[in-house]
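Undergrad: Next up is a structure, given as structure tokens.
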Amino acid sequence: MDGQRRLAWLACGVAWPWAVLGQASPALPPGLVAALARARALRDAAVLSGDQPYGAVVVDATWRIVGEAPSRVVTRQNLDAHAEREALRDAAHRLGRNDLGGLLLVSSSRPCHLCEAAAARAGIARMFHGEGTDAGPPRAR
């Protein structure tokens, strides 16, 4: 695949499977691998409970999980109960503060723009999703 086509995939926010291109995928920190696995497990739990296939965790700088949640949109009949926002609420509750500055949000898939804005308002430093895609700092839109 040529460089222009690869850039087009990246511009669309799609993490191309680099192994298919014959390139080694960058090594992920073990803590991020564990956080991604937990987000996927929460996603699977959401599906088993009849909800949407999303899960998210909030971690500190040592990759310790301080908040987590599956999607609860269907089970709670609440359009705002996306996994990311539920994980942010869980972290705020566990930590006893609304300011989540310096923490990281790890999701099973890319957060929607409302979840990204919520992460920005909470002070989340960086977001990761999918198979380890670094989405950078959240933006309030």
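Values quoted throughout were computed directly from the atomic coordinates according to the rules given, and no laboratory measurement underlies them. None of the values given here were measured: they were computed from a predicted structure. Cβ: placed from backbone, ideal geometry, glycine included. Neighbour counts: every protein chain shown.
Undergrad: Once the other residues with Cβ under 15 Å from the Cβ of Ala45 are scored (Lys, Arg +1; Asp, Glu -1), what is the net sum? The partial results should precede the final answer.
TA: Values: positive: Arg38, Arg40, Arg43, Arg72, Arg76; negative: Asp44, Asp51, Glu68, Glu86, Asp90.
Local charge sum for Ala45: 0.
Undergrad: By the gyration tensor of its Cα atoms, with a ≥ b ≥ c the square roots of the eigenvalues, what is the shape of region 35-141: rounded for a/c under 1.5, prolate for a/b over b/c, or oblate? Walk me through the numbers before you get to the answer.
TA: Details: a/c = 1.45, a/b = 1.33, b/c = 1.09.
Rounded shape, in that the Cα axes give a/c under 1.5.
Undergrad: Still on this model: Enumerate the amide H contacts of Ser109 below 5 Å, restricted to partners 5 or more residues apart or on another chain; note that Pro and chain-start residues carry no placed amide H.
TA: Sorted by chain and number, the residues that satisfy this are Gly55, Gly130.
Undergrad: What order do you get for 52-61, 75-84, 121-130 when each peptide is scored by the mean count of other beta carbon atoms within 10 Å, highest first? Kindly include the intermediate steps, with their values, before the conclusion.
TA: Details: 52-61: 22.7, 75-84: 17.1, 121-130: 18.7.
Highest mean packing first, the order is 52-61, 121-130, 75-84.
Undergrad: Lys and Arg at +1, Asp and Glu at -1: add these up for the other residues within a Cβ distance under 14 Å of Ala83 and post the number. Kindly include the intermediate steps, with their values, before the conclusion.
TA: Values: positive: Arg38, Arg40, Arg43, Arg72, Arg76, Arg85, Arg89, Arg110; negative: Asp44, Asp51, Glu68, Asp80, Glu84, Glu86, Asp90, Glu116.
Charge balance near Ala83 sits at 0.
Undergrad: Okay, next question. Please give the residues of region 36-63, grouped as numeric ranges, whose backbone N is less than 20 Å from a label point set 7 Å along the Cα-to-Cβ vector of Arg126.
TA: Flagged as within label range: 36-40, 56-63.
Undergrad: Follow-up. According to a simple spin-label model (label point 7 Å from Cα along Cα-to-Cβ), what is the distance in nm between Asp99 and Ser49?
TA: 3.1 nm
Undergrad: How charged is the neighbourhood of Pro29? Take every other residue with its Cβ under 15 Å from the Cβ of Pro29, and add Lys/Arg as +1 and Asp/Glu as -1. Don't jump to the answer; show the numbers that get you there.
TA: Details: positive: Arg38, Arg64, Arg126; negative: Asp60, Glu131, Asp134.
My count for the surroundings of Pro29 gives 0.
Undergrad: So if we plug the beta-carbon distance of Val33 and Gln77 into 1/(1 + (r/R0)^6) with R0 = 41 Å, what FRET efficiency do we get, rounded to 0.05?
TA: Numbers: r = 34 Å, r/R0 = 0.83.
It comes out at approximately 0.75.
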